[in-house]
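One structure is given below, encoded as structure tokens.
Quick note: the coordinates plus some simple rules give every number you see, no bench work behind them. Here the structure is a predicted model, which is why all the values come from computation and not from measurement. Counting neighbours? That spans all protein chains shown, and the Cβs are built from the backbone with ideal geometry, glycine included.
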Amino acid sequence: MGLVGNCTTVFASYHLNNLPGKSVVYLQDGKNQIIELNAWLKFVWVDYRLSWNASKYGGVTSIRFAGGENQIWRPDVLLYNSANEDFDATYKSNEVVYSTGEVNWVPPGIFRASCKMDITYFPFDDQLCHLKFGSWTYNGNALDLQIITEHGEEPAMDLSTYTPSGEWNLIKVPAVREVFYSKCCPEPYSTVTFYMLLRRRSIFYLFNIVFPSLLISLMTLVGFCLPAHDMSEKIGYQTTILLSICFFVTIVSEMTPPTSESVPLLGMFFSTLTLIVAVSTTFTITVLHFRYRHPYNTKMTPALRRFFLEWLPRMILMSPWQSRRRDSSGFSTPAESCQPPVDVNSVSDFQFGTFDSCGSMESLLNQTISSLRKERNTFEKLNLQRKIGDGILTKRSEAARLKKSRSATSRDTLSLHRLCASSASFRMRPNYQSGTSFIKCYSLILKRLKEVRQRSERMNVTQNEQEEWKFAALALDRLCLILFTFLIVSFMISVVISTPHFEWS
């Protein structure tokens, strides 16, 4: 049934509803930018050829025609931006015709429409989707689409039976009638477009993605508080955090549409977190590299020593290296560990196993040798003069006595050398008959002590240089903690400020 000679005006109104009387709006396939909603359309038009006098027909004021049989004319209004496989997803419901010639047609349907999404602020984004309806074959001169509105109201969807969605909040639903001209035809074409301003409910993303990722990023700072000597634990900890962030990045990439027009805020958030954690892992490796450097293959240059041991500790409110070395006995230099010289009179109390003086040993032995020589000469002269004066020895026997004494001294020296080599400690017992043996024994001790002192000095220097590298690693670790704390906190604040809104309800 068509229109002959007259223009039919069609009034269209849009009612969101879901059978049996509720409606739901949601993005079923947001990744592919498709919106799906359950709703019905309401078309009202007047066909003068379908009017009758109800009093002549037993008071019948309305009749119904089956929608699928095409018994009467109805407008071919379709959804222009439909993403449905059948394009027209409406159910062919009955048409209700009144005696005045007014025809009501309310076809329900599940509409799938394409919706270009702007994911810049995902998941704190607003999306503006639209449903554009128009006749497929009639131009504006044959079929004029109008929006039914109450007096004084703005054209909009009817939300009286709207059911809120769990993922989206419906903010505004304005309707606009538009007239456009096609290139093919000079006649105007009228369309009705219903806009839907949707705001995403972000609480799901906050508690399941954002907050866990923030917690993981804060755990990055804890890694700089771990002791630097736990190399495997420190690197493993940072690597685990990096893998966790990469896992969240994969989840976010699956949620967002694959578009290159804009980068989502959440994607930028995780990309920046990945970069921060990767850089923190690199700095952790650098700290461990400083911690395990050995002076035998790497020497700290004066510039590095001045920066890491003096300037950097003051910048990060740490005690400088020199003050720490003074406070700790383990950082003392070899010169600081030497004791004051021991008096020669205390030689009788000297024990090899307990004597630990470095600078006084040589002076002590020199004084001891000189003293023993004087004592030996004095005792020998006095003893020989006494024996000669008593007539016990002659001049010739005096020379023999000296020779015999020297031979005994040599034997004593050999025995004392053996004693010094086999004994770890001994007590000095000065005797004029065995002075030379003590001199040789002390010479051997002096030689060994010099070797021990040199070795001790080398060990102390090496240990001091190792402690310098350890302190440099500690200062660098503290610097990384401060820098990354400032960086992560600043990044979180910038993300919060850049979001247009937080939708908690």
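Excluding Trp73 itself, what net charge comes from residues whose Cβ is under 12 Å from its Cβ, given Lys and Arg +1 and Asp and Glu -1? Display every interim value, and only then the final one.
Details: positive: Arg49, Arg74; negative: Asp47, Asp76, Glu95.
The answer is -1.
How do the peptides 482-494, 106-118, 132-144, 294-306 rank, highest first, by the average count of neighbouring beta carbon atoms within 10 Å per residue? Numbers along the way, then the final one.
Details: 482-494: 14.4, 106-118: 18.8, 132-144: 17.0, 294-306: 11.2.
Most protected by this proxy first, the peptides run 106-118, 132-144, 482-494, 294-306.
Please tell me the relative contact order of segment 205-292 in percent, rounded to the nearest whole number, where contacts are Cα pairs under 8 Å and at least six residues apart.
On the way: 51 pairs, mean separation 34.9, N = 88.
Averaging sequence separation for qualifying contacts and normalising by length gives 40 percent for segment 205-292.
Give me the net charge for the shell around Asn94: Cβ to Cβ below 13 angstrom, other residues only, Lys and Arg +1, Asp and Glu -1.
Cβ neighbours under 13 Å give a net charge of +1.
How many nm is it between the label spots at Val461 and Thr239, if each spot is 7 Å from the Cα in line with the beta carbon?
Between Val461 and Thr239, the label points sit 3.8 nm apart.
Just want the answer: with Cβ charges of +1 for Lys and Arg and -1 for Asp and Glu, which residue in Ile110, Val96, Asn141 is farthest toward the dipole's positive end in segment 89-174?
Result: Ile110.
Quick one: net charge around Tyr138, please, counting Lys, Arg +1 and Asp, Glu -1 for every other residue with C-beta under 14 Å from its C-beta. All intermediate terms of the calculation are to be shown ahead of the outcome.
On the way: positive: Arg74; negative: Asp76, Asp144, Glu187.
Once all neighbours under 14 Å are counted, the net charge is -2.
Taking 26 Å as the cut-off for C-alpha to C-alpha distance, list the pairs among Lys42/Lys183; Lys447/Lys470; Lys234/Lys470; Lys132/Lys183; Lys92/Lys183 that go past it.
Lys42/Lys183; Lys447/Lys470; Lys92/Lys183
Arrange His130, His151 by Cβ neighbour counts within 10 Å, fewest through most, would you?
Details: His130 18, His151 4.
Listing His130, His151 from fewest to most nearby Cβ atoms yields His151, His130.
Can you figure out the FRET efficiency of Asp76 with Tyr292, using R₀ = 60 Å and their beta-carbon distance, to the nearest 0.05? Intermediate results must be reported in sequence, preceding the final value.
Numbers: r = 80 Å, r/R0 = 1.33.
Taking R0 as 60 Å, the efficiency between Asp76 and Tyr292 is 0.15.
Quick one: if you stick a label point 7 Å off each Cα along the C-beta vector at Asn141 and Cys185, how many nm between them?
1.0
Between segment 440-505 and segment 124-142, how many Å separate their Cα centres?
For segment 440-505 versus segment 124-142, the Cα centre distance is 67 Å.
Pull up all non-local amide H partners of Asp125: gap of 5 or more, or a different chain, and H-to-H distance under 5 Å with H placed in the peptide plane.
Arg200
Could you work out the percent of alpha carbon pairs in segment 205-292 separated by over 16 Å, rounded to a whole number? Walk me through the numbers on the way to the answer.
Working: 2059 of 3828 pairs.
Roughly 54 percent, once rounded to a whole number.
Does a label point 7 Å from the Cα of Glu150, set along Cα-to-beta-carbon, have any residues of segment 66-109 with amide nitrogen under 13 Å, and which are they?
Counting backbone N atoms under 13 Å from the label point, the list is empty.
Where the centroid of each part is defined by its Cα atoms, how far is segment 241-273 from segment 191-207 in Å?
Using only Cα atoms, the two centres lie 21 Å from each other.
Under a Cβ-only charge scheme (Lys and Arg +1, Asp and Glu -1), can you give me the dipole magnitude of segment 450-504 about the Cα centre, in debye to the nearest 20?
Details: 6 positive and 7 negative charges, 70 e Å.
Using only the charged Cβ atoms, the result is roughly 340 debye.
Only counting other Cβ atoms within 10 Å, I'd like Phe87, Phe248 sorted with the fewest neighbours first.
On the way: Phe87 12, Phe248 20.
Listed from fewest to most nearby Cβ atoms, that is Phe87, Phe248.
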